[in-house]
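Written below as structure tokens is the structure these notes are about.
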Amino acid sequence: MKKLTTALTAGVLATAGSFAFAADSSDPIVIPIHNWSSQIVMSHAVGQIFESMGNNVEYVTTDSQAVYESVRLGDVTLELEVWEGAFGASFRAALEKGGLHDAGDHNAVTREDWWYPMWTKDACPGLPSWEALNDCAALFATPETGDKGMYLDGPVDWLKHGQERVAALGMNFQVVNAGSAAALWAHIASAEADKKPIVVFNWTPNFAEAVWPGEFVEFPKWEDGCDKDPAVGPNPEALYDCGNPAEGYLKKAAWDGMKDKWPAAYDTLTKISFTNPQIAEMAKFVDTDEMEPEEAASRWLEENEDVWKAWVSM
Ligand code: TMO
């Protein structure tokens, strides 16, 4: 009997040992946190999934463009929300240099661009065309922008070329950067009372679509190279004379070393795929329901075990 127990124990240990050999490093997986709610909640949700697998996780707040260089160098391990419109160029640049790779798409279609709440169209009925918007520029003038219309863009680290687009298309607008996502929502909310026409940066999936019906401005359609080759887009002499992709991707990116250092977590990362409604809900927990991101992440995981348990490799 003793012998059998010993043999069994040895067998168990050998099995456990072979798992341990392939196990993830105990060093923390470093997850970057940015400045919009779905990314913060998703990052905590995935961090909590990794912790449930026995991994250590560390969160660092980073610039949402510079992060691609940090992933490439392995200073952070991954990025969970690579939005094509805002970060496609930085992502492509880092891919070319090497050290990071595409870890797969979420099952989501994204758009990030100039947007207006629907009441704006009452004052400027030619919308959503950008030319119609430009003809209405005076409606959007503010003390800050003089006789030009104001476009309230996102924080400076999101999209870099708003004023260049205005110049390339000969628009009578001035781009003002919001200090935070919250400043965008405050701007929309304050225009709502007297239905003041406004045009602001917005995106989908987001909580905002359930709160304020609205539309994206239709700019000349995005074509690959619009940010690299002046010949692409309607103005043959300028870059950035296109809108952002209307059906953009949402990707995950990983440091090349993640696969060997944290193989189980890496395998899970490649399987992770959130949908538009799931991402909008993550944002809503914070922006509408005023939950803390960590709490929103735990709540999301509690309510969606069937979704994420399927991504965890055993
Ligand atoms: C990067 N963002 C989703 C805020 O456009």
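The values are calculated or read from the model by the stated rules, or taken from the named source; none is laboratory data. All figures in this text were calculated on a predicted structure; none of them were measured in a lab. Virtual Cβ from ideal backbone geometry, glycine too; neighbours counted across all protein chains shown.
Overview of results
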{"item": "Positions within segment 147-170 being away from the ligand (no atom under 16 Å from the Cβ), touching a strand residue (DSSP E or B) at 6+ places or on another chain (Cβ under 8 Å) and either within 13 Å of VAL200 (Cα to Cα) or assigned to a loop (DSSP other than H, G, I, E, B) (or both), in sequence order", "result": "ASP147, LYS148, GLY149, MET150"}
{"item": "Strands (runs of 3 or more DSSP E) fully within segment 29-96 counting 1 or more residues that are surrounded by 23 or more Cβ atoms within 10 Å (Cβ to Cβ) and in contact (Cβ under 8 Å) with a residue 24 or more places away in the chain", "result": "29-33, 78-83"}
{"item": "Qualifying position, being more than 26 Å from SER26 (Cβ to Cβ), assigned by TED's automatic domain parsing to the domain that holds GLU281, within 15 Å of the chain's Cα centre (by Cα) and more than 13 Å from the ligand (Cβ to nearest atom), among ALA66, ALA93", "result": "ALA66"}
{"item": "Matching entry among PRO155, PRO143 (being without any contact (Cβ under 8 Å) to a residue 60 or more places away in the chain, surrounded by fewer than 22 Cβ atoms within 10 Å (Cβ to Cβ) and under 26 Å from ALA191 (Cα atoms))", "result": "PRO143"}
{"item": "Residue in segment 274-314 that is surrounded by the most Cβ atoms within 10 Å (Cβ to Cβ), counting only those that are touching a helix residue (DSSP H, G or I) at 6+ places or on another chain (Cβ under 6 Å) and in a loop (DSSP other than H, G, I, E, B)", "result": "MET291"}
{"item": "Test for ASP256: is it in contact with a strand residue (DSSP E or B) (Cβ under 7 Å, 6 or more places away or on another chain) and at negative phi", "result": "yes"}
{"item": "Residue check for PRO125: in a loop (DSSP other than H, G, I, E, B) and free of Cβ contacts under 8 Å to residues at least 12 places away in the same chain", "result": "yes"}
